[in-house]
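J.: Handing you this structure, nothing more for now.
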Amino acid sequence: ALQHVMARSAAFFRFATAPWALLPLVARASGGDVGTYGLLLSGIGAGAVGAALLMPRIRRRCSRDVLVRGGTVLFAAATAGVAMTDGLALLIPAMLAAGASWLAVLSTLHVSAQLAVPQWVRARALSVYLMVFAVGMSGGAVLWGAVASRWGVSASLMLAFVPAPD
């Protein structure tokens with residue numbers, strides 16, 4: 001069960017890293033500066049806070065699988081939205097959706113990893129899970145940075161928005 005959670009995590013975070021890694025370039029492409037970058041990050045944070053407030057209700061209605069799949073699709077849509085626009089009027093809603101879906105997927109996968117193993121081995125299993133998370137994030141940042149330097153930021157984000165298979 002833990003291997004399944006780690007595989008899902010690695011797949012999601014490898015692709016979901018693209019907007020995080022390329023966000024400074026997105027801010028610049030929208031004609032902005034460091035303040036624009038901060039505004040986009042604030043949008044992600046606001047989306048995450050909003051999702052955190054709604055998560056108890058959502059978890060009562062949805063299974064963990066549905067939550068991860070739905071969050072992945074929403075994050076993919078937000079990434080595609082970022083790839084297709086450079087106007088703040090559309091980037092901010094995309095950042096809100098990205099933050100909400102990121103928190104939903106991240107928290108659900110963390111809980112799934114904890115529930116996948118017996119208590120006596122939980123700390124060790126979580127350390128391995130967090131290593132997969134960190135490798136997925138750093139590897140994804142390198143991958144999407146390389147893709148963006150070769151084909152551009154929008155192309156990189158469009159390639160990343162395709163949800164990873166389960």
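The values are calculated or read from the model by the stated rules, or taken from the named source; none is laboratory data. In this text the structure is predicted, and so the values were computed from the model without any measurement. With ligands, DNA and RNA removed, areas are computed over all heavy atoms of the protein, side chains included. Shrake-Rupley method; radii C 1.70, N 1.55, O 1.52, S 1.80 Å.
J.: Could you work out what % of the accessible surface of region 100-166 is carbon and sulfur, using a 1.4 angstrom probe and leaving DNA, RNA and ligands out of the count?
T.: Carbon plus sulfur share of accessible area: 72 percent.
J.: Still on this structure: Using each residue's phi in region 98-113, evaluate 6.51 cos²θ - 1.76 cosθ + 1.60 at θ = phi - 60° and report the 3J(HN,Hα) Karplus result to the nearest Hz, with x for Gly and Pro.
T.: 4, x, 5, 6, 4, 5, 4, 5, 4, 5, 5, 5, 4, 5, 4, 5
J.: Kirkwood hydrodynamic radius, region 55-98, all distinct C-alpha pairs: what's the number in Å?
T.: Evaluated over region 55-98, this radius sits at 11.3 Å.
J.: With every protein chain left in place, what is the accessible area per residue of the chain in square angstrom, probe 1.4 Å?
T.: Accessible area per residue, the chain: 52 Å².
J.: Sticking with this structure for a sec: Post the alpha-carbon centroid distance, region 1-70 to region 117-166, in whole angstrom.
T.: Rounded to whole Å, the Cα centres lie 12 Å apart.
J.: Of Arg69, Arg60, which has the most accessible area and how do the rest follow, probe 1.4 Å?
T.: So, going from the largest accessible area down, we get Arg60, Arg69.
J.: Once the Cα atoms of region 2-77 are picked out, what are the Rg and Dmax in Å?
T.: Calculated on Cα positions, Rg and Dmax stand at 15.0, 44 Å.
J.: Compute the relative contact order of the chain as a whole-number percentage, counting only Cα pairs closer than 8 Å that sit 6 or more residues apart in sequence.
T.: Across the chain, relative contact order equals 42 percent.
J.: Ranked by accessible surface with a 1.4 Å probe, highest first, in what order do Tyr37, Tyr129 come?
T.: Sorted by accessible area, descending: Tyr37, Tyr129.
J.: Next question, about the same structure. Under the Kirkwood approximation for Rh and a Cα-based Rg, what ratio Rg/Rh is obtained for region 85-155?
T.: Reported Rg/Rh (Cα atoms, Kirkwood Rh): 1.13.
J.: Give me log10 I(q)/I(0) at q = 0.11, 0.18 Å⁻¹ for the chain, Debye formula, one equal scatterer per alpha-carbon, no solvent.
T.: The Debye formula, applied to the Cα set alone, gives -0.44, -1.10.
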